[in-house]
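Each reported figure results from applying straightforward, stated rules to the coordinates on display, with no laboratory input. Keep in mind the model is a prediction, meaning the values are calculated, not measured. Glycine gets a Cβ as well: all are built from the backbone with ideal geometry, and neighbour counts include every protein chain shown.
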């Protein structure tokens, strides 16, 4: 406590100016070109965008305590984004503003925690807090997370503020600080899944207090009880939700955990995480320059000094606290896939930064003790090292990472650009043309978020061009993902002879990423391969005809059956289509030989999304069993049914509500 008194003086004007300068510099780094660097909006960010959009139009009392979409998410970040949307309007800038502001505020939060910890570490308060404020500027890891609009970074600032308030409460004994620490701890549980391990950080120092500081523990009993009560009150609603919905608690853990892979996988993960600062960091381009260590040469030296010093002084509870905090919050990435994974290790960022600050202070103090006359030079050298590290980080972020072509794919830039193209087309034609997307992406969060607020409102209709194609009665714009849909472009060119094709989106390598095929109003629809067989079914659906890949399939082969449907009106239900190969025995009995059942387009163009007058060309493939007897009497039958009750859609005038397509001859074997 004597050391606490020595280092408790109020900092002077120069100290405050230095902190303000660091904060302004941090704000510039975090916010410069925030809306467009990095490019695109990743799937997870877009999911948060859509949730915030929905909450913006939802009464506050009806906001969910846990967001179940995208494998489940704690809600604090989305709440904050909703607030940003309410203040500044929905946009990518508003979406990223929350993470950027948190990335800025983490600087004074770390400075405060360093100030509170310094007396217990036996270090100078004024300098340690400055080092702790400056060190975040040196981390590419933190710079990237400050531009990444997900729930990771709120955990870092909440745990930092919680522990700063906790150490202040222990030092002052004031109930207000104990209550503040409890509230902040409770709020932390609404940030990000790794926070569930946070209470373990206090176990070792708690045991030390029980063994050797019982008198102080008794004196602080009321405050500790108050803090626990406040934590329970704030975190209680979420805890109650998990009690009632345990699947939400365990789902994401089960998806990323490597515990079931055995000791070898865990050992490999531990080694990868231990080497993340010096050898190789996160390999994902979304989080890092792939493989770049979390720290550069300068910060690595300071971190290793701080780590070694903390281990040497482990008997001090404050050092035990720092090391425990680092170890516990690295566990989420140690025990999950893709280690080291920087977002999952975000809880370890604050102790990592504090250990860097400890290393800087110990290096400067050690040098000053040996050459007191050079003390200003040693301090200046430390600042120069941190400045050099900051410049390295700036070059890595603005000069390398944001320009990596792989970000186009990792951050869904294609879908953002595609959304802009779709909005332009809809604005140009006033929404008169139907817009289709194949083979996927119509429900992609990034695309959906980019279309919000469009005038007229954007409505997309999907289909998987590898299985089915949709043909409208009027004007239509088809957007086709070039690398994923090889079949639809050729079919559409045949079915829509008056349509035109252009490249809508190009990837960074100059390759087409998406095509647009435009069908003008009044354009022809041609179905040259169709064998006509007009039949009206119930619920506004008609069969126009069919096509077979082989008129005489052989045993062991697959037969593709293309069905041409038309919607007389929009169907009310989602139906499953079937094609059955039936055989008639000599005694007249009918047996099922083979069949294929699937929703149209494999579920990509459900019947209740069909538009009035639209033609849907759907393909089913059935296997002809190898033991099927050649010749014989066979036939193909077709129908629709609702999967929930297996009830067939009515086909007036047809037995068993099914349509006989054609008799079929099974060819001889090879």
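The table for this structure:
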quantity	calculated
Stokes-Einstein D (µm²/s) once Rh is taken as the Kirkwood radius of the stretch 1-137 over alpha-carbon pairs, at 37 °C in 0.692 mPa s	189
Semi-axis lengths, Å, the chain, gyration tensor of Cα atoms, sqrt of 5 times eigenvalues	62, 27, 23
Gyration tensor (alpha-carbon) shape descriptor, the stretch 502-561, a/c threshold 1.5	oblate
Size-normalised alpha-carbon gyration radius of the stretch 2-403, reference 2.2 N^0.38 Å	0.97
Gyration tensor verdict on the stretch 36-98 (Cα atoms; rounded if a/c is under 1.5, prolate if a/b is larger than b/c, oblate otherwise)	oblate
Relative contact order computed over the stretch 2-403 (Cα-Cα under 8 Å; 6+ residues apart), in percent	18
Per-residue Cβ neighbour rank within 10 angstrom, fewest leading, 412, 609	609, 412
Cα Rg, Dmax (largest Cα-Cα span) when computed across the stretch 531-666, Å	14.8, 45
For the stretch 465-492 and the stretch 191-254, distance of Cα centres in Å	54
Footprinting exposure proxy for 365, 146 (fewest neighbouring C-beta atoms within 10 Å first)	365, 146
Between the stretch 560-582 and the stretch 269-310, the Cα center-to-center distance that results, in Å	57
Cα gyration tensor shape for the stretch 142-284, rounded if a/c is under 1.5, else prolate or oblate	prolate
Order of 645, 282, 507 - criterion: other Cβ atoms within 10 Å of each residue's Cβ, fewest first	645, 507, 282
